[in-house]
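Single-structure report; data block below.
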Amino acid sequence: MKILPLPFRSILFAVCIFAFSGWTTIRAQVRFDRQDTVSLFENGVALQNAWAGGLNFPLFNSVDLNGDGVKDMVAYDRVNSRLTCYVNDGSNSLSAWKYDPSYASKFPYINRWALMYDYNCDGKEDLFTLSPIYPSCIACYRNDYSPATGLRFTLVDPILEESFSTTVFPVFASGVLLPAFDDVDGDGDMDILGYNSIPDGRVILHKNESMETYGICDSLIFNYANACWGNFAFRVGGANEVGCFGCPCRGSSNPYLNDPLSYSYEEAKRDDTVTSIFSIDIDGDADKDLLVGDISALTSLLVYNGGTSQVAAMDSQDVNYPSMDIPAIFNGFHSHAYLDVDNDGLKDLIVSPNEYENKAAQWIYKNQGSTSLPVFHRLATDFLQNTMLDVGENAAPVVIDLDSDGLNDLVVAGSVYDTATSYYSTRLYYLHNIGTSSAPIFDLMDDDLAGISTLAYNSTIYPAFGDLDNDGDKDLLLGTEDGKLQYFINNAGAFQLAVANFMAIDVGNNATPQLVDLDRDGKLDIVSGEKNGFINLYKNIGTTNSAAFSSIPSEDTLGRIILQSPGYTDGYSVPFVYDSAGTYRLAASNMAGNVYFYGNIDGNILGAYTLIDSLYDATESSRIRFNVSVGGGDLNNDGFCDLVIGQSSGGAQLWYQHNGTSDISSPESQLQFSVYPNPAHDNLLIVFDDNDARSLSRLVLMDQLGRSVTQMDSWHNRVNLSLRGLSSGIYFLKMERNNAVAVTRIIIQD
């Protein structure tokens, strides 16, 4: 790659930092509206939370978001610092949780982890996170929900402190050492179980003196009470098990003094134990046991407390909890939550990983005992993930009419960690549009388009589509992590790898190409981002029938844009050029979690582009950071280019470009109907609820490949559709009526 002179790159970087430090003051010139009601089917089932964005390594908490007295759920994903909220509809099933993005903005900035506990006993869970001021401390935000203000959090203390002898120190925590917030000693106020600043295999009790001081539980007055709570120590050297029970404790040494007397034996000084701990009374004896996830362990560790709430004494362990059922096997650092996931009145157990696992990694254990004496049985391994589009990690969506039927489809790249091989399996997911041009409805038709998983790219990939050989179909250009491009030719709808390392192009690392005629000469050019945050242009120097590109970019800092994040040398830029009313604009995303819009492109291709706006404001961007990707196209046939934003957590968001003359609500949500019987045999009765017999209904029954197998038009609100001669299986019934559209799953049985 051509290297710019150092002074020029330095000036560009300074300009870039200056521009991004002030982008919140730019007058809004671009508006997109979030869409969450577009239907998406997988295996014939409509995904309830289709566009929630995916989940990888979440911490789950329960909290009443809307003040209806029913506990809802929040999930803070540590892979991209993203918090998602799910409203509880009260039904007795795992499908009770409905994604609602409106509540995420009510939460303050969360640093590394989020744990909730009602410390002031007002019935509302408060928020604890790593301090935004000092990275080894804990901050507390009080939940001040009221009917007048709704959900609201107030910073109570940016650094929780505790007394040790006559000195006051911060309560220690870190980004990987997750503490437990609970009434550990049973006196009614919230204590904290944590660690020493130098890991020594011990658990520290930070005792709350609120009840002792004021007789009520609403204060945060901590005392460094016990340097070896439970009188035990985890084994040194990475094994997730107890090294000794009844270990002698040589006093309550303060962790900030690094006093060697705080260690119970010499080996503890070299301990690399990094764990998360979760307190729970697992055996109904009114004291706190511990569920532990170690950074190098494959299963959860349960340490039993054989003492009392006042004097803990850990005396036994289960290194594969729950060994009486199926333990959750992850590659390190299990986290745990205890809440009622199926609304049966009993708290259930959620076990989640902190790394690697990213597709079926939210294990639910149903409580078949009682809340005070639980008995767990594994119920599901993909809680919430199975209700949304989730392609593992680093979702990269592209809008493309892949089958040339006039409807825009979606192709989404993703990578899933394979525990059997310890590598990432990369795939392209084909979401076929079975709706209409104005109301898309997607069906996940192929989860390995072009057989990409067999090519062992083992990392992030990014697709681009365009007719490079002018044969009337769209070929595939795949960007890979090594910075190179792989060319797949389209032969009658089947993609075949034709040229590896296409045209010897190498952008450095993490190629994110787009095929677009940037100079409007009738030939597709290549615009590609890269890991360091620059955007490259490769002009097509061939013909419309035979594209050709130099391996040296025509411009290696397109638009004079640098998307490096402050404090990082990386940017992971993803460009998307689109036409807005005859004028080109560039949307570019980066690892900081935002999408920036640039203009002044036409007639100025090799010049400096103008920063116009950003998709997210600064606060929201901080909630959705790390490797955001952007693609787009006209999804609702209104003449405007819409956006699909890929998340590093494996999902996607839909954003329709604002059209002030139309309602952005999804038409399919307006169509009310009943279909029965389902499963069906020879006939299917469709009854529309609008009682308007003068409306024309168009009904199309499609197989799982989106092909029409039978269709009919009717002017009646009761329609009898014949199914005779059709094979058993899953079908989709698409109904259009009064400018609305809906799709529902139909099962045909012989």
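The values are calculated or read from the model by the stated rules, or taken from the named source; none is laboratory data. What you see is a predicted model; the values in this text were computed from it and never measured. Cβ: placed from backbone, ideal geometry, glycine included. Neighbour counts: every protein chain shown. Surface areas here come from the heavy atoms of the whole protein model, side chains and all, with no ligands, DNA or RNA. Shrake-Rupley method; radii C 1.70, N 1.55, O 1.52, S 1.80 Å.
Below, the figures for the structure above:
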{"item": "The chain, dipole about Cα centre (Lys/Arg Cβ +1, Asp/Glu Cβ -1), debye to the nearest 20", "result": "1480 debye"}
{"item": "Accessible heavy-atom area order of 357, 241, 161, highest first, probe of 1.4 Å", "result": "161, 241, 357"}
{"item": "Simple spin-label estimate for residue 329 and residue 604 in nanometres, 7 Å along Cα-Cβ", "result": "5.9 nm"}
{"item": "Accessible area per residue, Å², the chain with all protein chains present, probe 1.4 Å", "result": "38 Å²"}
{"item": "Label-zone membership for the range 272-314, site residue 370, 7 angstrom Cα→C-beta point, backbone N under 15 Å", "result": "281-287"}
{"item": "Percent RCO, i.e. relative contact order, over the chain, from Cα pairs under 8 Å lying at least 6 residues apart", "result": "11 percent"}
{"item": "Over the range 318-368, equivalent-ellipsoid semi-axes from the Cα gyration tensor in Å", "result": "20, 14, 8"}
{"item": "Convex hull volume of the range 415-517 per residue (C-alpha atoms, cubic angstrom)", "result": "129 Å³"}
{"item": "Cβ crowding within 10 Å averaged over residues, with 62-70, 200-208 ranked highest first", "result": "200-208, 62-70"}
{"item": "Nitroxide proxy distance, nm - points 7 Å out along Cα→Cβ at residue 705 and residue 545", "result": "3.2 nm"}
{"item": "More than 49 angstrom apart: percent of Cα pairs within the chain", "result": "23 percent"}
{"item": "With Cα atoms, 0 to 90° folded angle of helix 6-21 axis to the chain main axis", "result": "80 degrees"}
{"item": "Estimated vicinal HN-Hα couplings, Hz - the range 358-369 in sequence order (Karplus 6.51, -1.76, 1.60; Gly, Pro = x)", "result": "8, 10, 10, 10, 10, 8, 10, 10, 6, 7, 9, x"}
{"item": "Straight-distance crosslink candidates among aspartates and glutamates, where the alpha carbon sits under 12 Å from residue 484 and sequence neighbours closer than 8 are dropped", "result": "506, 530"}
{"item": "Bridge type composition, the chain - antiparallel percent by DSSP, nearest 5", "result": "95 percent"}
{"item": "Nitroxide proxy distance, nm - points 7 Å out along Cα→Cβ at residue 552 and residue 713", "result": "6.1 nm"}
{"item": "Extension gain (nm, one decimal) between residue 45 and residue 377, 0.36 nm per residue minus Cα-Cα", "result": "117.0 nm"}
{"item": "Residue-averaged [θ]222 nm for the chain, counting only DSSP H segments that reach four residues, each worth -39500 (n - 2.57)", "result": "-1000 deg cm²/dmol"}
{"item": "Computed FRET value (nearest 0.05) for residue 241 with residue 696, which takes r as the C-beta separation and R₀ as 51 Å", "result": "0.15"}
{"item": "Phi-based couplings in Hz for the range 410-426 (Karplus 6.51, -1.76, 1.60; Gly and Pro marked x)", "result": "10, 10, 10, 7, x, 9, 10, 6, 9, 5, 5, 10, 6, 10, 8, 9, 9"}
{"item": "Fraction of accessible area attributable to carbon and sulfur, the chain (%, probe 1.4 Å)", "result": "51 percent"}
{"item": "Accessible-area ranking of 116, 73, largest first, probe 1.4 Å", "result": "116, 73"}
